[in-house]
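The structure appears right after this line, and notes come after that.
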Amino acid sequence: MASATRYNLTMAKSICFLGLGKSNQAAISYFNAHSDLATGLDVYDDTHLVDKNFDIALASPGIAPHTRLYASALERCGEVIGDVELAWRLSPKHWLAITGTNGKTTTTTLTAHLINAAAGQPGRDGQAIAGAHLAGNIGVPVFDVIGSRSQNDWIVCETSSYELYSTKAFRPDAAALLNITPDHISWHRSFEAYATAKRRIFAQQPALRVDLSATAAQQLPSADLIRSATLQIKGPHNFDNAVCAAELAHFVGLTDQQILSGLAAFAPLEHRFEPVATCAGVEYINDSKATNPEATVMALRAFKEPKVVLLAGGRDKNTTLATLCEVAEKVCKSVICYGEAGTRLHEQLPHSVQVATFFEAFTLARQTATAGDTVLLSPACASFDEFSSFEMRGETFKQLVRGL
C-alpha cells in the first residue's frame, strides 16, 4: 500500500486541467494560493487538446476517459487523475468517503450532521469531537475544503464513480459503499466498468469498510441503535443510510446518545423523499432525485398498500424496469407516465396511463388521488427532456402542490 508521504507534492509539479468545471476552478484557486506546489496550470478543453508535457493532468468529473481530450492527456502527461485523488495526496488525514448509486448525498450529509452536532463534546474516548466538512460530488469542491479546514477536522466526501475512476493512492480513513445498480453507462461504457470504479473506494484498504452491497444494513452493529432512533427520514432505504452514517460516526468517536440526538434533528433533504404538503387528505412527496428505476424502487418500498399515485418519466436511461414493475404492482394505485420515456414506461408498468408533459401528469395525479393516497414524484428517469436539472423538476412539483 502506498504511503501518503510518497505522494506529497514536496516540489512543484507541472499541472494542466481538463475542463474548467467547478472542481477544477477550485483547484486552480488553491494552486494559485500555493504557488510552491505547482507550475503551468494550463486549461484544455475539447477545442484545444493537450499539446505539451505535464506531470499531472487534473480531469474534471465530466471528462470521460474515452474522449479525445482525455486521450491527449494520457499521451502527454505523467498521470491523469481527479481532484479527490490529488486533494487527498496533499491533505491525507481525516477523510470519510461515501459512494453508491443511490443514497450517497443523504448519507454524506447525515454523517457530517452527526459529527458537527457533537463537535466539541467529549466522545467515547473522552476526547473532544472535531468538526466535519462536506465535500466532493455533493457540490463542494475538495480543494475548497483542504485549504480551510482545521488540522483535526474531518472531510466527509461524497465520491462519484467519475471521481473514483482515476484514483490510485486514495485511502480514506473509513469508506462506505451503499449499493451498485446500473447508471452512468454512457460515461463508463459498461456496467462492469462502472461497478469497478465504485469499488475503488476500498482499493487501499481503509481502516473501516462499510459495504452495504455485500452485507445488509440490518446485520451491522449500528442497526439496533437505528431501530431505536427517532428518524424524520422515512423508508427502508433511509434506514440503510442511517445505519451507514452511524457506523461512520462511531468510527469518528461519537457515543450512541450523540448519534441518537443527531438523528432526531436531521430533516429530509430537498428532492429526496421530501414531504411537501398534505392537501385534501392526499400527501405529496418530492423524490425528484430518483433519476433511475432503482431509486424509485427504494422510494416505493416505503409503502405497504396500493395507495400511491406515482409520477414517472423524463429522459430514459434505458435501464431494466423489471423490479420497478414488481414493486409498483403491489403499492401503486396508478402510475402516470410522461415525457420522452413515457411510452416505454407505459408499455411495461402496471396500472399506468400516459400523458405528454410533466404538468399534465401532475394534473391527472391530483384528479386521481383521493384522501389517504400519496402522490409521489419519483420519476426513475433523468429530467433533461423538460427540465435543466432534477432540482428544477422538484421545485416545479413543489410549486404546483403549493398552488392547490
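The values are calculated or read from the model by the stated rules, or taken from the named source; none is laboratory data. Fair warning: this is a prediction, and the values are worked out from it, not measured in the lab. So basically every Cβ, Gly included, is an ideal-geometry build from the backbone, and we count neighbours across all protein chains shown.
Selection of first residues in region 296-309 that are closer than 12 Å to Lys234 by Cβ and of second residues that are crowded, with 24+ Cβ neighbours inside 10 Å and among the acidic types (Asp, Glu), restricted to Cβ pairs under 6 Å at least 6 apart or on distinct chains, gives the following pairs, ordered by first then second residue: Ala299/Asp287.
Lys289: within 18 Å of Arg393 (Cα to Cα), outside the structural domain of Asp183 (by TED's automatic domain parsing) and in a loop (DSSP other than H, G, I, E, B), yes or no?
yes
Scanning region 197-255 for residues that are part of a loop (DSSP other than H, G, I, E, B) and of a type in the set (Val, Ile, Thr) turns up Thr215, Thr230, Ile233, Thr255. Step by step: first the residues of region 139-156, then only those that are over 21 Å from Gly120 (Cα atoms) and at pLDDT 95 or above, then the one that is surrounded by the most Cβ atoms within 10 Å (Cβ to Cβ). Which residue is that? Per the stated criteria, the residue is Val142. Per the conditions (1) out of contact with any His (no Cβ under 9 Å at 6 or more places or on another chain); (2) under 19 Å from Ala280 (Cβ atoms), the sole criterion not satisfied by Ser334 is (1). When residues in region 308-320 are screened for being farther than 17 Å from Phe387 by Cβ and crowded, with 18+ Cβ neighbours inside 10 Å, 3 of them pass. The residue list Ala73, Ala87, Ala57, Ala97 contains one member that is at pLDDT 95 or above, in contact with a Phe, Trp or Tyr (Cβ under 6 Å, 6 or more places away or on another chain) and not in a loop (DSSP other than H, G, I, E, B), which is Ala87.
No other residue among Val50, Val43 is surrounded by fewer than 17 Cβ atoms within 10 Å (Cβ to Cβ) and either β-branched (Val, Ile, Thr) or in contact with a Lys or Arg (Cβ under 7 Å, 6 or more places away or on another chain) (or both) apart from Val43.
Filtered by the rule that a residue be within 17 Å of Gly40 (Cα to Cα) and acidic (Asp, Glu), region 59-93 gives Glu79, Asp83.
Flag: Thr323 does not match the condition of being part of a helix (DSSP H, G or I), buried (at least 16 other Cβ atoms within 10 Å of the Cβ), among the β-branched types (Val, Ile, Thr) and touching a residue at least 24 places away in the same chain (Cβ under 8 Å).
The set of residues from region 128-138 being in contact (Cβ under 8 Å) with a residue 12 or more places away in the chain and either closer than 22 Å to Asn32 by Cα or part of a strand (DSSP E or B) (or both) comprises Ala132, His133, Leu134, Ala135, Gly136. Looking only at residues in region 349-368 that are in contact with a Lys or Arg (Cβ under 8 Å, 6 or more places away or on another chain) and of a type outside the set (Val, Ile, Thr), the one that is surrounded by the fewest Cβ atoms within 10 Å (Cβ to Cβ) is His351.
To keep it simple, each residue is scored yes or no on (1) over 17 Å from Asn292 (Cα atoms); (2) in contact with a Ser or Thr (Cβ under 7 Å, 6 or more places away or on another chain); (3) not assigned by TED's automatic domain parsing to the domain that holds Asp316.
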residue	(1), (2), (3)
Ala341	no, no, no
His346	no, yes, no
Thr357	yes, no, no
Ala361	yes, no, no
Thr370	yes, no, no
Leu377	no, yes, no
Phe390	no, yes, no
Glu395	yes, no, no
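Return the residue satisfying two criteria in turn: it lies in region 343-398 and is closer than 23 Å to Cys279 by Cβ and basic (Lys, Arg), and of such residues it is farthest from the chain's Cα centre (by Cα). Restricting to residues being closer than 23 Å to Cys279 by Cβ and basic (Lys, Arg), the top hit is Arg366. Val375 - would you say it is in a strand (DSSP E or B), surrounded by fewer than 17 Cβ atoms within 10 Å (Cβ to Cβ) and in contact (Cβ under 8 Å) with a residue 12 or more places away in the chain? Judged against the criteria, Val375 is not a match. Applying the set (1) out of contact with any Asp or Glu (no Cβ under 9 Å at 6 or more places or on another chain); (2) over 27 Å from Lys104 (Cβ atoms) to Thr357 leaves exactly one unmet item: (1).
A single member of Ala174, Ala128 is at pLDDT 95 or above, surrounded by fewer than 20 Cβ atoms within 10 Å (Cβ to Cβ) and either closer than 19 Å to Gln25 by Cα or outside the structural domain of Arg68 (by TED's automatic domain parsing) (or both), and it is Ala128.
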